[in-house]
Amino acid sequence: MTAAGTNAVARWRDRVAASDPGLLRLAAGLRTVTAISLTLAVLSLLGADVQHLVAGAIAAMVATFAIREKQRPRQAVTLVLGLPTALASVSVAALLGTRQVAGDVFFVVLIFCAVYGRRFGDRGTTLGLIGFQVYFLALFVGVTTDDLAGFCGVIAVAFACSAAARFVLVPQTPTAVLERLRLAFRARLAQLLDAQRELLDAGPEDAEKALERAREGTARLHETAMMIQGRLEEGTSDEAVARLVQRRIADAEITAERLGLLLLTARSAERADTLTMHLPGAPLPEGGRRPVRDDALDLLRRDLTALQLLVRQPVADGTETARTRNRLLGYRDEENLPAASPDVQDVFRGLGEATRAVLGLRIALDGPQDESQDSPEAARSREELDAEDAAIAAEEEEPQETGLRRPTTRAAVQVAVGSSLAMVGGELLSAHRWYWAVLTCWIVFLNTASTGEILVKGSRRLLGTVLGVVAGIVLAGIVGQHTGPAFAVVLLCVFAMFYTAPLSYTLSSFFVTAALGVLYTLLHTYSLSVLVLRIEETAIGAACGVAAAALVLPVHTDRRTNELLTTVLDRLTDVTSAAVGQLSGEPPTELLGLARDLDEALADLRAATQPLTHPVTPLRTRRDTAQYVVALLETCAYHARSLAATAELLPTHPSIAADPRLRGAGQRILHNIGAIAARVAGEPATAEVVTGPSVASLLKPGEIGTPRYGRVTDRVLRHLQRLDEAVLGLARPLGVPLNRPLRVPVTGPEPPA
């Protein structure tokens, strides 16, 4: 019973860690609610009235969520600089409160400066956000010159309480965040293995659902890996440790995804395409027939469960755990493979490589392990892991755009124009609540870069606002004028707003609107007409934001996606060229860093295509094309990452050696990527995508009896072949013409027999 209880707790902990990697959403919600609660407690002890309590709550929320830096010293400096910024903003708002024209002009200038400040990094973004939000706060609670001193004191208390919540009550260090992200990676890796085991056993009626779960698990694991990569610099002691963790995370991700493809092939009559794991709705190969149960498959099911337990267990201890690890690592040797079909034997090989990656991940995250019970294969795996090393290359900075082409300048102009329109339209509806339209216009521009993104975000905010108004009516009727219960409801809504913000902007807008309904009740300004006006002002603000984005220095979705697509193709060229070069015998380079840049560029493209792939878009063909292109690029990225990871093993891995012939084999792939990039970028290029024989056929066959190892492995050839096929697949949807086969010379000396 004790063991069962421990396992239940562990499973619950893993589910929590996997649902909120790093507990970032939970920490954001708790920190904000704690800052607001502390501010309300202090102000209540000082005898503040409801108006000052509302102002303090909003100021504490702004001072908490606006901070963007990850390092605590920089957070403290930004918070200190934010206080005079807030005081200046509320003072100007009070002074211009009775001068409508001057106040409106200043508000537009403030909005422009706040958005333009993004070009100065996180601190500039934070100070601009504080300046805007506090000015909005002054309009919301009606600050005047007579009570300015009292509100300045309230803001000072709010900032002090925000600092106490951030640095004392709900502390969050980069090291602790990275540690929780590591736990989340383990949990999501275990969940992916569970989904893959379910996929192996799924019958015809459950196969599509099981495949979708495996596909979702693969995407969630990659998402966590990207989050870890973004925190390595601040969360690790030095660059060498960050480099090691990055490599082990990449290895675990690649081997887990490869294991899923091998399992998919084992249950099918044909080899599974990598695209199947990335394209939503892609069918199973050959209908996904269920494999016949036999001894080998029964052993495979047990070993998948064993690997899942190894992943979940933070520390490898105990004789049974060591035996399990040694047995799974033994599948890396051909003589240890069970008697089965070639496809099933490939899965066992994948299990061995995945176990090696898990061992490397455990050493990197938990430190040295007990080696007393190592088998020869386990000892060899440790030697390989210990011997792996790579040089760190300096990254070149990309040229920055200037003038109105700079994204921050263009966005500042667009927001200023949109806010001016929203101000006029909002004042036509209400002389006292017009600022809601301006706030909506401001918000729809945050973290967006194209007209389509702004349109989607504006529609989601409007939907959330409409639903939130209904909830606000219900909540206002329940709490009435009871201050304590009302603020408790507001705190719950604020927590829910921050906890759901990364998941759904509609939900976030719903909770903030519901909270506002309660705040209006506390300020004695609540009425159904006020909440309906909130919907109308939101609609006007969203419409003005979309109009400004479409008419003033527009960045259309097609242009934005083409720019990002070109960037992805350029990053893919960098990774492929460097990996093939190193596999051909060239000096080592920083491969995983290039792979990380590719992943980041692909993540940006995936976000930018959301307007094209939105479920309600009427352009179905365009949506399907965008999904297909992104899925093909994710397939290319997977094979490029795999090539990079394999190339990094060259100096130490006994089963992999450089083969100069690969330089010629990869030439066609690089040519085709360049041709597609030139066509997407609109360059006057005559290059066309060329087809030809398979990558393997471009290599001259070795002599009979030549060992399989000591040259390029079959796996490298498979990755190159799949990358070649995926790149060719991009040509059709992107409108790049195909040409006759390109004759690629085989260069470099023959490897010794």
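Express the accessible area of region 503-635 per residue in Å², computed with a 1.4 Å probe while the remaining protein chains stay in the model. Working shown, then result.
Details: 5080 Å² over 133 residues.
For region 503-635, the solvent-accessible area averages 38 Å² per residue.
So for region 68-184, Kirkwood radius off the Cα pairs, Stokes-Einstein at 20 °C and 1.002 mPa s: how many µm² s⁻¹? Could the numbers behind the result be given before it?
Numbers: Rh = 15.6 Å.
D = 138 µm²/s.
Taking all protein chains in place and a 1.4 Å probe, what share, in percent, of the accessible surface of region 525-573 do carbon and sulfur account for?
Numbers: 1260 of 1940 Å².
Carbon and sulfur together cover 65 percent of it.
Can you figure out the FRET efficiency of residue 603 with residue 624, using R₀ = 25 Å and their beta-carbon distance, to the nearest 0.05? Spell out each step's value before the answer.
Working: r = 21 Å, r/R0 = 0.84.
Computed FRET efficiency for residue 603 and residue 624: 0.75.
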query = Measuring from label point to label point, each 7 Å out along Cα→Cβ, what is the residue 302 to residue 551 span in nm?
reply = 7.2 nm
note = The Cα extents of region 159-317 along the principal axes, largest first and rounded to whole Å, are 64, 37, 26
inquiry  = Translational diffusion coefficient of region 189-229 at 20 °C, 1.002 mPa s, Stokes-Einstein with Kirkwood Rh over Cα pairs, in µm²/s as a whole number.
reply    = 205 µm²/s
Accessible surface of residue 226 - all protein chains present, 1.4 Å probe, nearest 10 Å² = 40 Å²
key: Quotient of Cα Rg and 2.2 N^0.38 Å for region 486-636, N being how many residues it contains   = 1.53
message = Which residue, 160, 202, 235, has the largest displacement toward the positive end of the dipole of region 134-236 when charges sit on each Cβ (Lys, Arg +1; Asp, Glu -1)?
response = 235
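At a Förster radius of 25 Å, what calculated FRET efficiency corresponds to the Cβ-Cβ distance of residue 558 and residue 106, to the nearest 0.05? Before the final figure, lay out the partial values.
On the way: r = 37 Å, r/R0 = 1.47.
The formula returns an efficiency of 0.10 here.
Nearest 20 debye, what's the magnitude of the dipole of region 181-309 about its Cα centre given +1 on Lys and Arg Cβ and -1 on Asp and Glu Cβ? Write down the numbers at each step before the final one.
Details: 20 positive and 23 negative charges, 38 e Å.
Charge dipole of region 181-309: 180 debye, to the nearest 20.
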ask   = Just how far, in whole angstrom, is region 246-274 from region 552-583 if you go by their alpha carbon centroids?
value = 25 Å
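The values are calculated or read from the model by the stated rules, or taken from the named source; none is laboratory data. Note that the structure is predicted; figures quoted are calculated from it, not measured. Heads up, the Cβs are rebuilt from the backbone with ideal geometry, glycines too, and the neighbour counts pull from every protein chain shown. These accessible areas exclude ligands, DNA and RNA; they are computed on the full protein's heavy atoms, side chains included. Shrake-Rupley method; radii C 1.70, N 1.55, O 1.52, S 1.80 Å.
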